Amino acid sequence: HAFVGGQTYTDNDFGNYQNATKRGTKFHDLDADGVWDAGEPGLAGWTIEAVQSDVVVATTTTDANGDYEFILTPGTYTFREVQQAGWIQSHPTGGVHTETLTSGQLSEDNDFGNYQLATKSGFKFEDMNANGVYDTGEPKLAGWEINVVGTDGMGNPVNVSTTTDASGNYEFSLVPGKYTVAETLQTDWIQSFPASGVYDITLESGEVDSGNNFGNYQLATKSGFKFEDMNAN
C-alpha cells in the first residue's frame, strides 16, 4: 500500500482460526438400551463420515478401542456411521450428530452404539417314557406354538410366537432383552420338560442360545375285562 503523508488508514485487520476437533467412540450396545454402559466394548474398523450439505468431506475409521477423531475447519457438520450388515443402530437418537464447530473447539463423547439380534432356539419332542429327558429315538413334534413374552433393551414390550417346523424345531431372532419362552399346551398333552415349564433369560447382542427344548407326553390307556371261566379251560 502506498502511504500519503498525514493520511490515516484503518481496518487493516488480520484474521486467524484454529482447526476444531471432533471425537467419539463406536460401542457395542450389548443390552440394546441405547446407552454406553460400563463394560460394553468399543468396536474397531467402523467408518465414520463428516458431511456438509449432503457431501462427505472427511472420513475416518475407529481404532482398536472404537475411538475416532476428526480435525476440521470450523463449520457445521453432520457426523454419521457407515452401517454394517447385521447391525442395528441404537445411539444416538436420530442416528447422527450435528454440530457447528468453532475455532479451536474440542467436541467429545460423540458416540455411536449398535447391537445385533440374539437367537433363541430349541425343539419340541414327545417324551415317550415321561421321564423328563430327551432320549435317543424320541420323536420331535411339528406344529406346536412357542411364545416369547418380555421387554427389549429399550423397555418396549415384546409378545411374539412361532410354530415348530416339520422337524420339531423353532427359532426366534430377538432384540436383546429379558424374555420368558413358553409353549402353548395342546389338549391331552402333559408337559414333562423343562421342570419349570418355561425358560427365563436375558439375551445380549449377538447371543445364540440353543437347546431350549420342550417335552410332552400323553397318558397311556390299559384296558381289558374280567370273565368267569365257566368250563375252567
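The values are calculated or read from the model by the stated rules, or taken from the named source; none is laboratory data. Given the structure is predicted, the values throughout are model-derived calculations rather than measurements. Reconstructed Cβ throughout: ideal geometry from the backbone, glycine too, with neighbour counts over all protein chains shown. Only protein heavy atoms, including side chains, enter the accessible area calculation; ligands, DNA and RNA are left aside. Shrake-Rupley method; radii C 1.70, N 1.55, O 1.52, S 1.80 Å.
Counting GluC sites (Glu not before Pro) as exposed when in a DSSP loop with at most 11 other beta carbons within 10 Å, what is the longest stretch of the chain free of them? Walk me through the intermediate numbers first.
Working: sites that count: GLU108, GLU228.
The answer is 109-227.
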(request) Scan [x] 22.4; [y] 18.2; [z] 14.4 for the value of mean projected area of the Cα convex hull in nm² calculated from this model and give just the label. (result) [x]
(message) Keeping all protein chains in place and using 1.4 angstrom, which order do ASP111, ASP37 fall into by accessible surface area, from largest down?
(response) ASP37, ASP111
(message) If I compute solvent accessible area with a 1.4 Å probe over the protein chains, what percent of it on the chain is carbon and sulfur?
(response) 49 percent
(request) Distance from a point 7 Å along Cα→Cβ of THR119 to each backbone N in region 73-103: keep the residues under 18 Å and list them by number. (result) 85-88
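What percent do you get for the relative contact order of the chain when only Cα pairs under 8 Å and 6+ apart count? Display every interim value, and only then the final one.
Details: 534 pairs, mean separation 45.1, N = 233.
The value is 19 percent.
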(request) Heads up, I need the accessible area for TYR199: 1.4 angstrom probe, whole protein in place, Å², nearest 10. (result) 40 Å²
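Where does each of TYR9, TYR115 land when they are ordered by accessible area, with a 1.4 Å probe and the largest first? Working shown, then result.
Details: TYR9 65, TYR115 25 Å².
Ranked from most to least accessible, the order is TYR9, TYR115.
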(request) Give a residue-ordered list of calculated ³J(HN,Hα) values for region 210-215 (Karplus: 6.51 cos²θ - 1.76 cosθ + 1.60, θ = phi - 60°; whole Hz; x for Gly, Pro). (result) 10, x, 8, 9, 10, x
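Can you tell me the accessible area per residue over region 9-138, all protein chains present, probe 1.4 angstrom, in square angstrom?
Numbers: 6830 Å² over 130 residues.
Value returned for region 9-138: 53 Å² of accessible area per residue.
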(request) Grab the chain and count how many Lys pairs have their alpha-carbon atoms under 26 Å apart, sequence gap of 8 or more, or different chains. (result) 6
(request) Determine the distance separating the Cα centre of region 44-80 from the Cα centre of region 190-233; give it in Å without decimals. (result) 58 Å
(message) Taking the full set of protein chains and a 1.4 angstrom probe, give the accessible area of SER161 in square angstrom, rounded to the nearest 10.
(response) 70 Å²
